[in-house]
Amino acid sequence: MSLISQNVDLKNKVKKTKRGETGELSYQEEAEGVKESEIDMLKMKKRKKESKNEQLQMEQVKEMKTLENFLFGSLYSPIEFGKGDDSLQDGIAKGSDSFFTDRSANSVLSAYDDADYSEESDNDKDALQRKPAWVDEEEELTAVNIAKVSRLRKLRKEEDESMITGSEFVSRLRAQHIKLNPGTDWAQLDSRSKEDKSSDDESTDEENEVAVDRGYKDVDDILRANEDLVVKSSSKLLPGHLEYSGLVDANIQDPSNGPINSVQFHRNAQLLLAAGLDRRLRFFQIDGKRNTKIQSIFLEDCPIRKASFLPDGSQVIVSGRRKFFYSFDLVKAKVDKIGPLVGREEKSLESFEVSPDSRLIAFVGNEGYILLVSTKTKELIGTLKMNGTVRALTFAENGQQLLSTGGDGHIYHWDLRTMTCIHKGIDEGCINGTALCTSPGGELFATGSDVGVVNIYNREEFLGGKRKPLKAIDNLITKVDFMKFNNDSQILAICSSMQKSSLKLIHIPSYTVFSNWPPPNKNLHYPRAIDFSPGGGFMAVGNAAGRVLLYKLHHYQHA
């Protein structure tokens, strides 16, 4: 091979190698370009996703803001004071609520209510003229015969009218309801406008005899409360007819197996004790509906003749035809047996009275003796002696004086500070006194005899020498066993356990018997005990059948 051909081959090899190198370089450059484009595409996709997420978040935030603005008003776009009306109009056009109107505050207008005042008045008119939420289309197609049913005949406008449409029947029923149930003007939507027109000077609290409780700003606040809205002035109970209603028996959850000898309300007016010859002392929570039983105590060796709360509400004194008596501590729930009394040989301590100041217990003793026992030490601290036998006791002057009566027909007044008799007077027409009670204020006292006559005296006049009673009640024909004044001394209850339904309620100060008591259609059996609640609203009657009858006196608002 010649030298020329060898040089040509070398040149060709060099060219091939250069071409190969340039090819490899171009391929690498193209690969790098593809990688850069892919990275750019990924970045763009990430940016798009981020922008989409941001848009979703912004939309969610806007939705939340619009919802909050709709519910609570403009919280995120408050009004910037100082700007003109153009800025407000732009804000409204963009859809952002720059302010809202408080529809509940009719008497207070916001700074920008001028623009919406016409809309608010229109809304008020629409509220006053509300449409029914649902209308029965079949009312017009229904026909009602109001002459066929006797209780619907009062809906007739003409005597010969019989068939009316269903809608007319509904309207007449509504009119009849309004006619029978007046006094619901406060429930009408336009009642406030009527009240605004009325002058405050025309109706005062003294004329209406009412006083609105403190703490209420307006009528709306009063109507939202369920408390006693009006404090009524004390009114007098009218004679002749007593408004009352019978309730569920006070001891309905645990009736007694023997006669009830004592019923008494606690001073909180919710707790009632009932005790009798079945030797059980029961406590009930009185509400007039369920009368829940709270506790029952069994005294094995003492058929209960009398049980009474101390006026301070701390203890219950229980006695029977025994030489001893019991004391039940309500706080400690502990029963203590006390007696026999030192220095006395008494066979029975069944009759007693507790002083209003809760210091003394006065027991009826033998041979005309009155036994005074301390409520703290439960020991005998003194005795008082009558000429005849003792049958009944009662305290006066907040426990500083004691009245007694008995077999000699006299009424004794005792001063417990000096332990002496300060007055002795004859009970007119009485041979044997059997019952005695004083009014809560101490102005009056009543005496009962074994012939059924009840004398009512003014205590000051009696102490001054006047022997004539204010009134002699002779509605009972058998021995008077029990008497009780109510809380405001407007009712005196007298009963005899020797005759059925022998319970009378006397109106004070007319001294007349209520004509509609006892209930004509109900048998009270043999009444043995009676008590009024501290507020006068409830009256409990215990009878020989083991029931405690409960009545609601409508004249008194509170129990």
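Worth a mention:
- Pairs where the first residue, in the stretch 366-378, is without any contact (Cβ under 8 Å) to a residue 40 or more places away in the chain and of a type in the set (A, V, I, L, M) and the second is surrounded by fewer than 19 Cβ atoms within 10 Å (Cβ to Cβ) and in a loop (DSSP other than H, G, I, E, B), C-beta under 7 Å, 6+ apart: Leu371/Arg344; Val373/Glu379
- Every residue from the stretch 219-251 that is modelled with pLDDT of 90 or more, more than 17 Å from the chain's Cα centre (by Cα), open to solvent by less than 60 Å² (accessible area, probe 1.4 Å) and not β-branched (Val, Ile, Thr): Leu237, Gly240, Leu242, Tyr244, Ser245, Gly246, Asp249, Ala250, Asn251
- Selection within the stretch 397-417 - part of a loop (DSSP other than H, G, I, E, B) and of a type outside the set (S, T, N, Q): Gly407, Asp408, Gly409, Leu416, Arg417
- Scope the stretch 321-357; condition open to solvent by 80 Å² or more (accessible area, probe 1.4 Å) and of a type in the set (Asp, Glu); matching residues: Glu345
- Residue in the stretch 140-154 that is modelled with the lowest pLDDT, counting only those that are within 21 Å of Gln176 (Cβ to Cβ) and open to solvent by 60 Å² or more (accessible area, probe 1.4 Å): Glu140
- Some residue of the stretch 377-389 being among the acidic types (Asp, Glu), within 22 Å of Phe482 (Cβ to Cβ) and either over 37 Å from the mean Cα position of the chain (by Cα) or open to solvent by less than 10 Å² (accessible area, probe 1.4 Å) (or both): no
- When Ala544, Ala472 are screened for being surrounded by fewer than 17 Cβ atoms within 10 Å (Cβ to Cβ), of a type in the set (A, V, I, L, M) and farther than 23 Å from Glu397 by Cβ, only Ala472 passes.
The values are calculated or read from the model by the stated rules, or taken from the named source; none is laboratory data. The structure displayed is predicted, hence computed values, not measured ones. In this analysis, Cβ positions are derived from the backbone assuming ideal geometry, glycine residues included, and neighbour counts consider all displayed protein chains. The protein model used for the area step is the full one, side chains on, heavy atoms only, and it has no ligands, DNA or RNA in it. Shrake-Rupley method; radii C 1.70, N 1.55, O 1.52, S 1.80 Å.
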